[in-house]
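The values are calculated or read from the model by the stated rules, or taken from the named source; none is laboratory data. From a predicted model like this one, the values you see are computed outputs, not experimental measurements. FYI the Cβ positions are ideal-geometry reconstructions off the backbone, even for glycines, and counts take in every protein chain you see.
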Amino acid sequence: MIVDSVLTNAKAYINGQIVDCSLALEEGKIFKIGKETQMPNADQKTNLKSLLVLPGLIDEHVHLRDEGKAYKEDFQTGTAAAAAGGFTTVLDMPNNEPVTMSMETLRNRMRIAERKVLVNVGFYSEFPKKLAEVKDIVSEGAVGFKLFMGCQIGGLNVDDDEALQDAFKEVAELNVPVAVHAEDKALLVANEEKLKQAKKSNTAAFLKAHSETVELKAIERLLKISAPTSVRLHFCHVSTEEGLNAILEAKKSGRKVTCEVTPNHLLLSRDDLEHYGQLLIMAPPLRNKNHIEALWKGLEAGWVDALGSDHAPHALSEKFASSVWDVKVGVPGLETTLPLILTLVKKNRLSLAQAVHLLAEKPAEIYGLNNRGRLEQGKNADLTVVDFNHKFKIDASKFKSKAKYSPYDGWNVQGKPVKTFVNGLLVFDEGEIVAKAGNGSIVRRGKA
């Protein structure tokens, strides 16, 4: 038999160990893992020269924009950024123009994406106005639902406890997770109004509005509302000690609860916000050092389930305004996450096993991506190839994303993604995108 390709001289992360091996790839799948002498003949052979091969990484929290927000990012530039950052699968959030919140908007988004994407892309949906449409959205392939608690996006009234509980019951029957942006709308709006009336419009005012209590109140409320249901809640970008503790207590009681932390909330603080100013405005905002220490403790103890970049590209002009209330929240992250995390592994803040668990294994498990997240025979041939010893300086001007800025611009890091294989195809190689737009695939829950 002649397979599509064989990768030789690899150091692959398999079942918690780094193994010297070769990998045979055929029709987008891992055909065989073993010694080079055991490999079949191949149309193409690549010597990886002892580079580290990780399971294709999954970023379960990205905003790819496109459609009405294509000036910020589009499917091609966003997935190029993913490939350059070592991510083979990304899950796209629904707060778009139009909002992804129906079978029609989801189907149209997938149709536009399939001719542009370079990596695998799955899609969240917002809740529809009529819960009867939830099944149609899931059958169309949504990987999960997103619930923004800080403002009204989508068809579900976030101020209505009973409506939220009904939605959770509906989704629980379909075994689809609900990813939550946990900021309490009522408290957030009240805080903002008070500050605006006092003519407070600087970064300090933004921090007061998006207080620690705003996050905690939303988490506690949703845990209470969802208690009678068996819904799978996944809390995005947890940023506070109290919020994480509330999630931990729910986990200990056997609830189906998971959570994510971003590199931003691990590596940056309110001090950085004071230094960089509005560039670092994000929601939830950066916190004090005690919260950062708590998040690290959560990582080390295994309480945190996933790392997501919350890749949120904007035009640079949208990151600065005379009033902080007019600044668009978020920063790009797809091209910085892996180098930052590998640097932490080099510094012994995290183990490689933890990094792979947070960036591949657990996201695949949470979102039902059964054929991804591990290097195993028969699984999709999604591979992230890393030069673990390569030291370099992050240069945002060279990003594949349209958003060519970053709070990490100029940071010295160690560990560089050098090749990204998506469904057996080399998409990114030594700094360049080498595949055509449309070579990625649309990921549908239960069929991935």
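Key figures for this structure:
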quantity: Odd one out for residue 343, checked against (1) of a type in the set (Val, Ile, Thr); (2) assigned to a loop (DSSP other than H, G, I, E, B); (3) under 30 Å from residue 385 (Cβ atoms); calculated: (2)
quantity: Test: residue in the range 51-73 that is outside any strand (DSSP E or B), over 28 Å from the mean Cα position of the chain (by Cα) and not basic (Lys, Arg); calculated: no
quantity: Qualifying positions in the range 130-149 - within 15 Å of residue 231 (Cβ to Cβ) and part of a strand (DSSP E or B); calculated: 144, 145, 146, 147
quantity: Matching option when the condition is over 21 Å from residue 302 (Cβ atoms) and more than 13 Å from the chain's Cα centre (by Cα), among 334, 342, 375, 350; calculated: 375
quantity: Restricting the range 234-248 to residues that are of a type in the set (A, V, I, L, M, F, W, C) and free of Cβ contacts under 8 Å to residues at least 60 places away in the same chain, the residue that is surrounded by the most Cβ atoms within 10 Å (Cβ to Cβ); calculated: 235
quantity: Qualifying residue in the range 307-329 (condition: more than 30 Å from residue 193 (Cβ to Cβ), modelled with pLDDT of 95 or more and surrounded by fewer than 19 Cβ atoms within 10 Å (Cβ to Cβ)); calculated: no
quantity: From 206, 235, residue being touching a strand residue (DSSP E or B) at 6+ places or on another chain (Cβ under 7 Å) and aromatic (Phe, Trp, Tyr); calculated: 235
quantity: Boolean, residue 267 is more than 21 Å from residue 177 (Cβ to Cβ) and at pLDDT 95 or above; calculated: yes
quantity: Top-ranked residue of the range 249-302 - restricted to ones that are touching a residue at least 60 places away in the same chain (Cβ under 8 Å) and among the hydroxyl-bearing types (Ser, Thr, Tyr), ranked as surrounded by the most Cβ atoms within 10 Å (Cβ to Cβ); calculated: 262
quantity: Number of the condition not met by residue 294 [criteria: (1) modelled with pLDDT of 95 or more; (2) closer than 30 Å to residue 80 by Cβ]; calculated: (2)
quantity: Residue 402 modelled with pLDDT of 95 or more, over 27 Å from residue 348 (Cα atoms), out of contact with any strand residue (DSSP E or B) (no Cβ under 8 Å at 6 or more places or on another chain) and assigned to a loop (DSSP other than H, G, I, E, B); calculated: yes
quantity: Matching entry among 375, 352, 369 (being touching a residue at least 12 places away in the same chain (Cβ under 8 Å), of a type in the set (A, V, I, L, M) and under 26 Å from residue 63 (Cβ atoms)); calculated: 369
quantity: Among (1) over 21 Å from residue 7 (Cβ atoms); (2) out of contact with any helix residue (DSSP H, G or I) (no Cβ under 9 Å at 6 or more places or on another chain), the one test that residue 349 misses; calculated: (2)
quantity: Criterion: among the acidic types (Asp, Glu) and surrounded by fewer than 19 Cβ atoms within 10 Å (Cβ to Cβ) - qualifying residue of 170, 162; calculated: 162
quantity: Selection count, the range 295-314, where residues are small (Gly, Ala, Ser), in a helix (DSSP H, G or I) and either under 16 Å from residue 235 (Cα atoms) or not assigned by TED's automatic domain parsing to the domain that holds residue 345 (or both); calculated: 1
quantity: Subset of the range 354-398 that is within 20 Å of residue 309 (Cβ to Cβ) and among the small types (Gly, Ala, Ser) - its residue that is surrounded by the fewest Cβ atoms within 10 Å (Cβ to Cβ); calculated: 397
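Rundown of residues vs (1) assigned to a loop (DSSP other than H, G, I, E, B); (2) of a type in the set (D, E, K, R); (3) closer than 23 Å to residue 13 by Cβ, yes/no style:
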{"residue": "43", "(1), (2), (3)": "no, yes, no"}
{"residue": "82", "(1), (2), (3)": "no, no, yes"}
{"residue": "88", "(1), (2), (3)": "no, no, yes"}
{"residue": "100", "(1), (2), (3)": "yes, no, no"}
{"residue": "116", "(1), (2), (3)": "yes, yes, no"}
{"residue": "128", "(1), (2), (3)": "yes, no, no"}
